[in-house]
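Everything on this sheet refers to the single structure shown next.
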Amino acid sequence: MAAITPYTYIQCPCSDSSTLGRSSDTNSSRADGADDDDDRTFDPRAPRSNYSLYPLEYLLYCEDCHQIRCPRCVAEEIVTYYCPNCLFEVPSSNLKSEGNRCTRSCFQCPICIGPLAVTSVETKPDPSLLAAPDNTAAPQSGPYALTCSYCNWSSTEVGIKFDKPNGIHAQLSKLRNGGTARLTAKERKERRRDPSYRSSAATEQGDGRSGSDEKLDLETQFANLKSFYQSQLADPNASDGGLAALSDLGFSSPTSLSRIMSIYTGGSLHDKKAKLRVGAIREALEVDEGLQLADLDESAAIAQLHSEGHDGTASTSRLSDQPPNFGEAHLHGRSRFVSELRPIPYLLRTKRSKRCPVCRHIISKPEAKVQTTRFRIRLVAGSYIPSIAIRPLSLSSGSGTSASGSAGIPGALLEPLKPAHYLLTFTNPIFESIKVTLGAPAKTPGRFASKVTVLCPEFEIDANTDVWDEALKDPSGAGELRDRERERERRRHKGEEGGNVSNNNNQLEVGKIWERGRNWVSIVVEVVPAWLRLEHGTEEQRLREDEDLLEIPMFVRVEWEAEAVGDEVGAVVGRDKEAREKRELAYWCVLGLGRIRH
Amino acid sequence: MSAPTGSAPLPHRTVANIRSPPGAGHHQSGPSTPIRHIPSNFGSPSSLRADEEILIIEIGTRKLQVGFSGDPAPRGCVWFCPDQQRRVGDFRDWQTDYRYDWRSAAAGGLWGRDHELWQYDVRGVNLGLVGDKIERALGEAFTKYLLIDSRPRRMVWVLPSALPIPVLSAALDSVFSRFQSPTISLLSSPLALAVGAGVRSALVIDLGWSETVVTSVYEYREVDSKRSIRGGRMLVEHTHKLLAKNLPETQGGPDGKDKYVVSFEECSDITTRMVWCKPRPRSASGQPSSDALATVQEQDEGELEDRPVSRRTGSVTVPIRSWLSPTSLELPFDALAEPCEDAFFESQYSPTSFDDHELPLHLLVYRSLLQLPVDVRALCMSRIIFTGGCSNVLGLRGRIFDEVSHLIQERGWDPVRGKGVDQLRCNPKLRKRDARQAGDGPTGVMSPPGEGEEQDGVWHDAANMIPEIDFIDEQLQRATDRRPRVQGTLRPIESLGAWSGASLVTHLKALAIATIDREGWLQHGAAGASKPSDADYKTQRQSLGPGGLMRGSAAGSAWTLGVWGAT
Ligand SMILES: [Zn+2]
Ligand SMILES: [Zn+2]
Ligand SMILES: [Zn+2]
Ligand SMILES: [Zn+2]
């Protein structure tokens, strides 16, 4: 396994107590029986943790609620719908009617996902025209095809050609693979009346009605069924039109929940009213009403499978990229062969603005213009909560370490059972000084417990005052460097609890911070990595993926005082007489230090 | 068409106001103005709800499908897979040198399990994780395929009817709390399939992933359901067996005991692409496979004429990448039908050697039909609907159908064609016999009370809860429906599928659907359930069939989610 650079993940508080650590968790069979009542140390390796952890860059922050907001706990609104290929904006009213894909001429290759271009079947594709939407400069003479310039796939391979170089989407929706046109409902009816079209091999098992063996495509069967049901429900015999069948069942109490459960399987249609209404519908009896007999003879497809072999079949992932195909008759033989793959119209995308779900304030809003990736508003959590940088610290056994301690080789493997040190640098982004309290379990959770000691779990970090401001205030006009130095000096002399800097003589001292700067503090964490020994006789003979990663769960509590703002929702803890508010923010995070040698 | 202007902070959705006046909120085909959201209203709770656009969500063990009510097909499908279970910002799947460490996952018992949303045996299920998986998959589906914002929307879930309550409960918890849906309606997939086929009664053969379930639907009611663990998972396992057998023997794993030599992903892919099912052997003595295949080839001889000769050799080449080193296997085409044979039919054993829950599929279907009351059977057997992932295995549906019709020919249950039905109806003797069969037929339907349900947390015998007389409800015969119904012959029909059926049901408001109100759920749902010690343990390991929760509530007002309700 490749070495990693240390990282930090943060757990959004929204996934706390209410959902995590709930009773349903204790049922987990894979959880060791012991941790049933464990006092909820966050286990970064538990499968559920993956759903609540985010890198800091993914988190937003609500200034009014003073709370972290993650992608799970924001309310989203759509600013723009657009096609990622032609970058055209799509009005929201089109979505219902025309679906979620670009209806211009934007298609992806079913083989390699590359963009397809409209080319004349006769001429070679012109590279300058590739991917040009609604290709105005398309070749002069038809017929046309969609072709891929990367893998040379062409829609002619599935027998599809177009008469016109534009409006490809509309043309394609009327074509079946092989190029045969889909029948409209009207054509279908006319054709059925014409005896010459009638299949000679009429089914023997059928109900004998004409056309009962006719194959409908999915969209047509749906339409037929829908109009059939509608006509049934509109039957005057069904007094209420049958439409209100569920209206009289009020569900709000647990008792009626049980009724729900039985209705779910159709169990309580004993209900007189419901029975009468449902009774109003008879079953569909012919193709026009949506009845479709199944043709179970798949010998032709089996023969094709035999002759084309593995290469002729489409992989599961290619098939899953295929848009739903309404046009083909065989429901069960959905595309299977490469020769049945159709061009994929681009899925539309959205630009979204995000609101705090509690106070409804906007915390992220992109520019509406499709072409730009800028934001009008974006309150990233990184501007509000301290960031944590991690680097290995090697304390050479001798005396000659530099003031900051020499950095270990980044990404090197951790040796089992050999103590290692890491420097955590907390940087305060806000304009108030903050108090940070850390909590980490002495042993990491999981099958292999590494020992963890946070040497200084409590400290203060100075405000992120603008360096320039401070320089202006200072008549001597010192720059940042001198400023910082002076600050550090002041701190050292003050010698407050937790404010002590321990690296004066390069010794690790419990309760002392390692180094401090204008708005940052470094502390040291000592770890004794576990020995990743697999005992014989255990069920699992291997390490699970990432089980060799040394990850430390750490609870971070940040407290600060800020100017009180009027009445608002949020984590207001208390007020003092000067209208300063005490605020706090607490969350779990995960520090990934590195991999343990095994 | 605007949302009701309630003053409550979150609108309390009773079922009564789900029903909007005809036309409201439901786009009929033809030109219609889309309902526009009025921005000025945004921020007031009543307008936070989205327009009357109902989401239909079909949830299965391996994938979920989403779309809008009234659409013929879902707009998107999301498969459950390991990369979906990673942390946000973990992009290792995009790194070219990264490969999923399936061997260690397999060693941890996860071969394939990490591609499942849930397991029916709830003892092994991390319920919270089920909720997380659903939430993430839905979120992805909504963003990628439906392009919807996060305003609360009503949902209809299409579910297998045997879904255990704890699993359903976890899913509801997650979605009610994360997506704020005012209501979630539940529809069982066999019912939706029947509607999607245009029939009121049907025999639904769901060739699913975890198991195969045969459900008899009579007059829009599930009256019986039988299951066998022979499903997609077993098929993939047998494909793996086939591949492993043909690969050179290797020392896998630290001590050479690795159970799996090829990754699940690859086996699953090969199964989907290459595994097929032989037709039923023509005669008991004849060589089944080559015989049948020869026929097939003969038919196609004309078309195949101009193909390269090499393609007509009897074998196919299957590339395998996840083995110790990438290789390719040359397999006889016939061999690729073996997994199907072993997984679904296993012809070398006699029927008596099978446990009920592992019946070969044709026996499962036959016994399902056998124990139905004759009227119900006559209707169901003429409306056979195949569904589920394995119905895509080429030849499988036809094979099951032929095997069943052969069984019927061979063993019969009495003439059911034409006049036979009437005869049977009038002949009290025959009828009695039939009832007996229904009662204590070969599968032992009437197992001692409680046993069926408790076996593995899955509720098994829907029909047993319903008194038999109830089946034949003449009142249900619609007076105006004088047209003859096809019955008594075996006949397969196509359904649009459960999703599309549900889309019809919801769009037309044609059936009563079970609807759960968010407020009610949050008050009385998982959190409101009483502690297990307070209630009768007998009621606990059940799923949602008739009598499932009902019994719990009959015992008093307390109902419980069983051991899963403990806090
Ligand atoms: Zn969150
Ligand atoms: Zn486009
Ligand atoms: Zn391509
Ligand atoms: Zn807020």
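The values are calculated or read from the model by the stated rules, or taken from the named source; none is laboratory data. Here the structure is a predicted model, which means the values were calculated and not measured. FYI the Cβ positions are ideal-geometry reconstructions off the backbone, even for glycines, and counts take in every protein chain you see.
Couple of notes before you dig in:
- Top-ranked residue of segment A:96-118 - restricted to ones that are surrounded by fewer than 20 Cβ atoms within 10 Å (Cβ to Cβ) and hydrophobic (A, V, I, L, M, F, W, C), ranked as farthest from ligand 1 (Cβ to nearest atom): A:Ile111
- Neighbours by Cβ (under 9 Å, 6+ apart or cross-chain): first from segment A:74-88, more than 8 Å from chain B (Cβ to nearest Cβ) and within 16 Å of ligand 3 (Cβ to nearest atom); second part of a loop (DSSP other than H, G, I, E, B) and not aromatic (Phe, Trp, Tyr): A:Asn85/A:Cys102; A:Asn85/A:Arg104; A:Asn85/A:Cys106; A:Asn85/A:Ala131; A:Asn85/A:Pro133
- Which listed residue, of A:Thr123, A:Thr203, A:Thr136, is within 16 Å of ligand 2 (Cβ to nearest atom), among the hydroxyl-bearing types (Ser, Thr, Tyr), over 19 Å from A:Leu341 (Cβ atoms) and modelled with pLDDT under 80: A:Thr136
- Sole residue being touching a residue at least 12 places away in the same chain (Cβ under 8 Å) and facing chain A (nearest Cβ under 10 Å), chosen from B:Ala192, B:Ala162, B:Ala137: B:Ala162
- Flag for A:Pro357 being within 16 Å of ligand 1 (Cβ to nearest atom) and more than 17 Å from A:Asn85 (Cβ to Cβ): yes
- One residue stands out among those in segment A:47-80 that are part of a loop (DSSP other than H, G, I, E, B) and either of a type in the set (A, V, I, L, M, F, W, C) or touching a Phe, Trp or Tyr at 6+ places or on another chain (Cβ under 9 Å) (or both): the one that is nearest to ligand 1 (Cβ to nearest atom), which is A:Cys70.
- Beta carbons closer than 6 Å, at least 6 apart along the sequence or on distinct chains, pair a first residue in segment A:363-391 that is under 10 Å from A:Lys351 (Cβ atoms) and crowded, with 17+ Cβ neighbours inside 10 Å with a second that is among the small types (Gly, Ala, Ser) and modelled with pLDDT of 95 or more for A:Lys365/A:Ser353.
- Number of positions in segment A:333-363 that are within 30 Å of A:Ala294 (Cα to Cα) and within 16 Å of ligand 4 (Cβ to nearest atom): 0
- In segment B:486-494, the count of residues that are facing chain A (nearest Cβ under 8 Å) and at pLDDT below 80 is zero.
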